[in-house]
Structures are given as C-alpha cells and as structure tokens.
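Shown next, in structure tokens, is the structure this report addresses.
Where a number appears in this text, it was derived from the coordinates with a stated rule and is not lab data. Predicted model, so just to flag it, every value in this text is computed and none were measured. Cβ sites come from the backbone with ideal geometry, for glycine too, and all protein chains shown count toward neighbours.
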Amino acid sequence: MTVDVRALQEKIGRLDGVEAARVVASNGHVEEVHVLARRTKPAKQLVRDIQSLAQAVFSLNIDRRVVSVVQLSDADLEQGMRPALVDVAEVLEGTKAEVTVTLRWEDSLLIGKATGAAAQAIRPRLVAEATIGAIRQAVDQAVAFGIGSVDVVTLGSRRMAIAQVVLMTEARERTLIGAAYVDEDDTRAAVRSVLDALNRFLPDLKTE
C-alpha cells in the first residue's frame, strides 16, 4: 500500500494545536512523523489523535514510537519571519553519529541531517551542516552554502558558538559570521550561530 504523504501531513496539520507536520514514509510504511504544536494538550494525547486519524482516514497503523512532538509556547510560535530552532537530536552508532536538526520557518518544518565520526571535536560542524541541510529545503536552489568553521569558545566568562558561513548567490559570494551564547548545550548554540549568520539574508532567499 502506498502512503499519501502529502494528504496525511495536511490532515495532521488540521488537528487542534498542530502548527506544522512532516511525514516520512517508505515502502507503504510511515517511518517518521514530526509535529510542531502549541501547548494546548498533552503530547501523549496528540500522538493518540494522530494514530486515530491515520487509522480512520487512511487505514494506517502508526507506531507511537515514530511520532515526535515538539511543543512551543505561543510567543515562540509567533516568531515566523526567520527560521527558528525546534529540536536537535543525535544518534550514535559505534564510531559514527547522525545529527538531525529541525527548524520551523513560517508554517513549515525543515529537517536536515548530517553524518560523520562520533568525535566531540567535529560535533559542532555536524550540527552546522545539518542546519544548512534544513535551510536548503526552503530556499532558491541556485543558492549555495558552505560551512567555513564552527567553534565553541570562551569569551570572558561565557561560552559561545561562532560560525563562519559562506553564502553564494548569482550576484556575489559572502562570508558571514554568526554567534550565539551557550545557554543550554553546545549543539543548540551551534545551530543558533549558523542562523545568526544567515538570518538577515534568508527572507529574501526563501522560495514561495
């Protein structure tokens, strides 16, 4: 059975409290469901609503373990003009690591992934590459990005992430610098440093 991913996403997006949804399916099975929602109901209830919807409308059985729900406050959800960080996840498999970065931009969830060695020294770079991967989904495909460097340093008494990002358009090449204080962990700061470098230009690059 083929899964109508677009129709399923649209139906999930109409559930009470849901702001955006993304479904990943393969070979007739739903492998991932990513949902961004307001805090109007418990996450477990929202997962049950998604399961019930999929079964009733599409005759699909969705395992609750593949449903990822991120709930944000109303204030956070109103900041839609530029990409906002939703989640950073890391999966370790032996010597390799896969980083997944989820962004919200207006009404879309953007998910980027990067894989590399499971080494602490390159972790910020993997996070930065996953962030760029997410952004690429929503901008003009003629635009090219590159990560020059990403470092977590100590400035005075505070730790911060600093990113050097190369932005190439048909008009010119720019080297941009962004920075973000480490308030929670290094990975989230790395994402925000990349966004800080690009945010001034991204609204003009976004596809309709």
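The table below lists the values:
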| item | result |
| --- | --- |
| Other-chain or far-sequence residues with amide H under 5 Å of Glu19's (modelled H) | Leu36, Ala37, Arg38 |
| Cα-based helix-to-principal-axis angle, 186-198 vs the chain, degrees rounded to 10 | 80 degrees |
| Relative contact order computed over the chain (Cα-Cα under 8 Å; 6+ residues apart), in percent | 12 percent |
| Candidate aspartates and glutamates for bridging to Lys11, where Cα separation is under 20 Å - those fewer than 8 sequence places away on the same chain excluded | Glu19, Glu31, Glu32, Asp49, Asp63, Glu106, Asp107 |
| Cα-Cα pairs of the stretch 158-208 separated by more than 12 Å (percent) | 63 percent |
| The stretch 140-179: equivalent-ellipsoid semi-axes (sqrt of 5 x gyration tensor eigenvalues, Cα, Å) | 27, 8, 6 |
| Fewest-first sequence of His34, His29 by Cβ atoms within 10 Å of each Cβ | His29, His34 |
